[in-house]
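Q: Sending over a structure as structure tokens; questions will come in a sec.
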Amino acid sequence: MKRLMVTAVLLVGVAVVVVGMYISRRNQMVVMDQAVTGQWHQVDVVLQRRADLIPNLVATVKGYAAQEQAVFSDVDKARAGLLAAQAPMDRIAANQQLDGALGRLLAVAENYPQLKSNENFLRLQDELAGTENRIAVERRRYNDLVRDYDTYVNLFPNNVFAHWAGFAPNNNYFIADESSRQAPVVNFSNTAPATQGK
């Protein structure tokens with residue numbers, strides 16, 4: 001009888017420890033998951049800010065380089081894709097398309113000296129550069145939080161508790177597209193007339 005009582009007390013003690021660990025780890029996973037979600041919203045805000053700047057930038061460039069319709073069309077399509085995307089992975093993919101289209105737009109601007117000296121274009125280009133810096137900072141923070149969350153969820157015994165609680169690794173990292181690793185080609189030999197302006 002005494003042995004049965006000791007065994008029961010030990011089992012209850014182990015159960016209390018396991019339940020306590022589960023509750024503690026689950027709460028930590030909730031906190032980390034919410035941090036990832038919150039940081040994603042920060043990334044989304046700066047992506048939206050950039051998307052809002054693009055129509056003004058395109059309109060300014062169009063005033064000088066009206067014949068570059070393919071580039072303008074690519075930027076418009078990429079921007080629409082970013083605004084339409086909902087899920088983080090879709091927004092990340094759409095952002096990569098927009099990065100490439102913007103790179104081509106800014107490369108076109110290099111061929112128009114009057115455009116490069118236009119005050120409105122310079123201001124928009126500065127705002128875009130500042131926004132790109134914010135995007136880089138927010139993406140880095142987001143990736144750091146995703147990494148921390150994924151590491152925590154995959155560690156033992158957290159992975160067991162995560163499975164019980166329905167938490168899975170996030171794996172939605174912002175990764176640079178291969179095309180963004182290459183600088184856009186700028187052709188300085190083309191000195192297209194820039195008679196049109198604002």
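Values quoted throughout were computed directly from the atomic coordinates according to the rules given, and no laboratory measurement underlies them. Because the structure is predicted, anything quoted here is derived from the model rather than measured. No Cβ is skipped: glycine too gets one built from the backbone with ideal geometry, and neighbour counts run over all protein chains shown.
Q: Using the number of other C-beta atoms within 10 angstrom as an exposure proxy, rank 21, 29 with the fewest first.
A: Numbers: 21 14, 29 19.
Neighbour counts put them in this order, fewest first: 21, 29.
Q: Rounded to the nearest 500 deg cm²/dmol, what is the calculated helix-only ellipticity per residue at 222 nm for the chain, with -39500 (n - 2.57) per DSSP H run of length n ≥ 4?
A: So the helix-based figure for the chain works out to -26500 deg cm²/dmol.
Q: Given R₀ = 41 Å, what would the calculated FRET efficiency be for residue 154 paired with residue 70, taking r from the Cβ atoms and rounding to 0.05?
A: According to the calculation, E is roughly 0.35.
Q: Sticking with this one: Counting only pairs 8 or more residues apart or on different chains, how many lysine pairs in the chain have their Cα atoms under 25 Å apart?
A: On the way: 62/77; 62/116; 62/198; 77/116; 77/198; 116/198.
Step by step, the pairs that qualify in the chain add up to 6.
Q: How large is ³J(HN,Hα) for each residue in the range 78-85, as worked out from phi by the Karplus curve 6.51 cos²θ - 1.76 cosθ + 1.60 (θ = phi - 60°), to whole Hz, x for Gly and Pro?
A: Taking θ as phi minus 60°, the curve returns 5, 5, 4, x, 5, 5, 7, 5 Hz for the range 78-85.
Q: On alpha-carbon atoms, Rg over Rh for the chain using Kirkwood Rh?
A: Numbers: Rg = 25.7 Å, Rh = 20.2 Å.
Radius of gyration relative to Kirkwood radius: 1.27.
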